[in-house]
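Throughout, read-outs are computed from the coordinates displayed, never taken from laboratory work. Model, not experiment: these values are computed from the prediction. With ideal geometry, Cβ positions are generated from the backbone for all residues, glycine too; neighbour counts draw on all protein chains shown.
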Amino acid sequence: MKFGLLGRTLGHSFSPRIHSALGNTNYELFEREPSQLQEFFADPELQGINITIPYKVNALEACDVVDPRAERIGCVNTMVRKDGKWHGYNTDYDGFVFTLQHAGIDVSSKECIILGDGASSATVHVALE
């Protein structure tokens, strides 16, 4: 079984060290080019992946089952293989909402500016709604 992080350039990632500190020593970095994604997602040994730039939309398209919130956002950052099918989630949403709550920031009835237009900004937009 394989677990890890999918992205195009990952040399800066601390994910393997973080996962190792939490007890998951079986976490790899998967640097792939767009032309390699179909074969990558088809690997039956792959059981769970986190997804980063630039593949969050590609990951959603590769899922057999997509969480309704991730569908609304339009991308996934976490995929889990269950019964041979990819299930996609957007855990960035939960992380952003938790951060606001933990910091005591109430955005209701507020105007907010989102800088950027990538997958993360789409997540923040839905969370702020």
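Here are the numbers:
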| quantity | calculated |
| --- | --- |
| Among 74, 118, 48, residue whose mean-square fluctuation peaks in a GNM of the chain (springs only between Cα atoms under 10 Å) | 118 |
| Alpha carbon centroid spacing (whole Å) that separates the range 110-129 from the range 1-76 | 22 Å |
| In the range 2-31, the chymotrypsin sites (Phe, Trp or Tyr not before Pro) that fall in loop regions by DSSP, at most 12 other Cβ within 10 Å | 14 |
| Estimated distance in nm for a label pair at residue 32 and residue 105, the labels positioned 7 Å out from Cα along Cα-to-Cβ | 3.3 nm |
| Choice from 56, 85, 110 with maximal GNM fluctuation in the chain (Cα, 10 Å cutoff) | 110 |
| Lysines whose Cα lies under 24 Å from that of residue 85, excluding same-chain neighbours fewer than 8 positions away | 2, 56 |
| Test item: Cα-centred dipole of the chain, Lys/Arg +1 and Asp/Glu -1 on Cβ, debye | 220 debye |
| Extension reserve of the residue 21-residue 2 stretch, reckoned as 0.36 nm per residue once the Cα distance is removed | 5.1 nm |
| Dmax and Rg, reported as Rg then Dmax, of the chain (C-alpha, Å) | 15.5, 47 |
